[in-house]
Amino acid sequence: MTVKIKRLGVLTGGGDAPGLNAVIRAVVKTAIREYDLSVLGFLNGFGGLIKNQTREMTEQDVVGILPRGGTILGTTNRDNPFHYPVVKGKEKVYVDISDRIFENVSIHQVDALVVIGGDGSLAIAKELYERGLPVVGVPKTIDNDLMDTDQTFGFDTALTTATEALDKLHTTAESHHRIMVLEVMGRYAGWIALEAGLAGGADVILIPELPYRIEQVIGKINQREQQGKKFSIVVVAEGAKPLNGEQVVQKRVEDSFDPVRLGGIGQVVARQLEEATGKEARVTVLGHLQRGGSPTAFDRILATRYGTGAVKLVMEGRFGEMVCLHGTEITSVPLAETGGRTRQVPLDSDLLHSARKLGICLGDNKEGECK
Ligand SMILES: Nc1ncnc2c1ncn2[C@@H]1O[C@H](COP(=O)(O)OP(=O)(O)O)[C@@H](O)[C@H]1O
Ligand SMILES: O=P(O)(O)OC[C@H]1O[C@](O)(COP(=O)(O)O)[C@@H](O)[C@@H]1O
Ligand SMILES: [Mg+2]
């Protein structure tokens, strides 16, 4: 596909993540300074592309946004153009309204589009590319669950927030001789729980990839008690589930492609532990604190590199690709391989080996207890 690029569109889609503004800033500055392009922001994810809500982006518009959380363009986890809700009579039906996107892109004379998003937004980006729109992707999510990149931006900040929470929970757990359960986000992947658990010195880490047996967690806490360790720290991923059991669903969000919102497993685990050990247990659900606030230095740099890398892809005509991190290098992969797929913690991950060697209970021993 060869297109003479003069005007670049950019949007942020899906759940927000710290570093979105840093990507926007890098895209705008690189496009204007390096390639003399103009940049148009589409507001609120694909919603702005569908409803023609835009904002002209100049260098002035990105002043001061590098350390700011959220996204100045707004975002949504609805508004899928291929599965868009419309009311017909008394019924709600889902239709393909992607034609509107092509119309709006043409109205604004946008030659190429940078989509900053997670698996869902990148699945839409891939579909639009296959239908002829020149698109490149940038991998975002605090969950770090995207295929084909070693890391998404936003993850490091969420991990830092969760680690700080564990440090704080440690001091109060120790004072009250309690079990402290911290529930963290991550959807169907355990990256935040596992890495925060390692960084924050957790005694138990439960992740979706390893269905747990509660007896093992109880055994670990009782064993600590016998060793004179009167408190325990348990990190639970929102997607964790017992062996032969189900994930706990907090709510269902209508019109969302994946309407399931996980949450509540922390409470379940805490009640079981309290009952079985006779010790007091308290639960902290970290929730959207993990998505907010200023990005870490790591995320600011990664987001900046992704932003400049995405504009470079556009100028090289490498549409249908996504920037990614491989080792220490920024490179790219086809969107086709990424969108709509989830990267879970591999069962042979070195992170899991380290956790086991330290005696952290993962609740998945085939037989016997955690020791
Ligand atoms: N597998 C999928 N295929 C196509 N569209 C999807 C898919 N998953 C989610 N979407 C749509 O992508 C958009 C963003 O998805 P969401 O999961 O909320 O954010 P993210 O981009 O962070 O994954 C929503 O409009 C959602 O309906
Ligand atoms: O904002 P909502 O609808 O409460 O969604 C919560 C979900 O979004 C996340 O925070 C981020 O997920 P995405 O990056 O896929 O949007 C998940 O960890 C969490 O399960
Ligand atoms: Mg998603």
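Values in this text are rule-based calculations from the coordinates and carry no lab data. Remember, predicted model here, so these are calculated numbers, not experimental data. Because the Cβ atoms are built from the backbone with ideal geometry, glycine has one as well, and the counts that use them run over all protein chains shown.
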Relative contact order for the range 70-167: what is it in percent, counting Cα pairs under 8 Å that are at least 6 residues apart?
16 percent
Selection of trypsin sites (Lys or Arg not before Pro), the range 54-111, meeting DSSP coil and at most 12 other Cβ within 10 Å:
K90
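Taking the range 272-370, which chymotrypsin sites (Phe, Trp or Tyr not before Pro) meet the DSSP loop condition and have no more than 12 other C-beta atoms within 10 Å?
Values: sites: F298, Y306, F319; in loops: F319.
Within the range 272-370, no chymotrypsin sites (Phe, Trp or Tyr not before Pro) qualify (loop, at most 12 other Cβ atoms within 10 Å).
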With r as the distance between the Cβ atoms of S256 and S354 and R0 = 41 Å, compute the FRET efficiency 1/(1 + (r/R0)^6) and round to 0.05.
0.70
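Explain nothing, just the number: relative contact order of the range 164-281, from Cα pairs under 8 Å at least 6 residues apart, as a whole percent.
The normalised contact order for the range 164-281 reaches 30 percent.
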Taking C-beta distances below 4.7 angstrom as the pairing criterion, name the unpartnered cysteines of the chain, in sequence order.
C324
If R0 = 41 Å, then K366 and I107, at their Cβ-Cβ distance, give a FRET efficiency to the nearest 0.05 of 0.10
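Given an 8 Å cut-off on Cα distances and at least 6 residues of separation, report the relative contact order of the chain as a percent.
On the way: 884 pairs, mean separation 83.0, N = 371.
In percent, rounded to a whole number, it is 22.
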Sorted on mean Cβ neighbours within 10 Å (highest first), peptides 267-276, 234-243 come out as 234-243, 267-276
Within the chain, the percent of DSSP beta bridges that are antiparallel, given to the nearest 5, stands at 35 percent
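Within 10 Å of each candidate Cβ there may be at most 11 other Cβ atoms; applying that plus a DSSP loop requirement, which chymotrypsin sites (Phe, Trp or Tyr not before Pro) in the range 171-257 survive? Intermediate results must be reported in sequence, preceding the final value.
Numbers: sites: Y188, W191, Y212, F231, F257; in loops: Y188, F231, F257.
Passing both the DSSP loop test and the Cβ count: no residue.
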From the phi of every residue in the range 109-123, what ³J(HN,Hα) in whole Hz does the Karplus formula 6.51 cos²θ - 1.76 cosθ + 1.60 yield, where θ is phi - 60° and glycine or proline is x?
6, 7, 8, 7, 10, 9, 9, 9, x, x, 4, x, 4, 6, 5
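Given R₀ = 25 Å, FRET efficiency for V249-Q272 by Cβ-Cβ distance, to 0.05?
Working: r = 18 Å, r/R0 = 0.73.
That gives a FRET efficiency of 0.85.
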